[in-house]
Amino acid sequence: QVQLVESGGGLVQTGGSLRLSCAASGRTSSSYVLGWFRQAPGREREFVAAINWNGLSTYNLDSVKGRFTISRDNAKNTVYLQMNSLKPEDTAVYYCAAKFGIVPTKIQYDYWGQGTQVTVSS
């Protein structure tokens, strides 16, 4: 079992920045992938980015490439999502997720955090 707790969400103006954090606890001695997803009102949850134990990362959305950066601190069992140049369309609940393995894909995550709200005002 892995428990995930997100933090860092909030209200920011267009063009601003936020850094989301997700702390993992529990069975963290094994290699696992950490990912970020988001869900806007009335829309399906979508994959944003993922990173494996060695720092290999993938980004799913063209809309966030160059603006969002995923990173992790293995010593702290924490993954971060640095979000710059935020836009109103980035408004969503952002979820952290984890799965055991080494391939940072968008599928088959087993553990989820409770989510943190990000609101970008225009």
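A compact table of results
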| read-out | value |
| --- | --- |
| Accessible-area composition of the stretch 17-122, carbon plus sulfur, in percent [1.4 Å probe] | 47 |
| Within the chain, longest stretch free of exposed trypsin sites (Lys or Arg not before Pro) [DSSP loop, at most 12 other beta carbons within 10 Å] | 66-122 |
| Förster radius 22 Å - calculated FRET efficiency between residue 13 and residue 46, Cβ distance, rounded to 0.05 | 0.40 |
| Solvent-accessible heavy-atom area per residue, rounded to whole Å², over the chain at 1.4 Å | 50 |
| Gain upon complete extension [residue 27, residue 75; 0.36 nm per residue less C-alpha separation] | 15.9 nm |
| Gain upon complete extension [residue 82, residue 121; 0.36 nm per residue less C-alpha separation] | 12.3 nm |
| Ranked order, 18, 86 - accessible area, probe 1.4 Å, largest first | 18, 86 |
| Simple spin-label estimate for residue 105 and residue 5 in nanometres, 7 Å along Cα-Cβ | 3.2 |
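The values are calculated or read from the model by the stated rules, or taken from the named source; none is laboratory data. Every value quoted in this text rests on a predicted model; they were computed, and no experiment measured them. Note that we place each Cβ from the backbone using ideal geometry, even for glycine, and neighbour counts take in every protein chain shown. Keep in mind that these areas ignore ligands, DNA and RNA; they rest on the heavy atoms of the full protein, side chains included. Shrake-Rupley method; radii C 1.70, N 1.55, O 1.52, S 1.80 Å.
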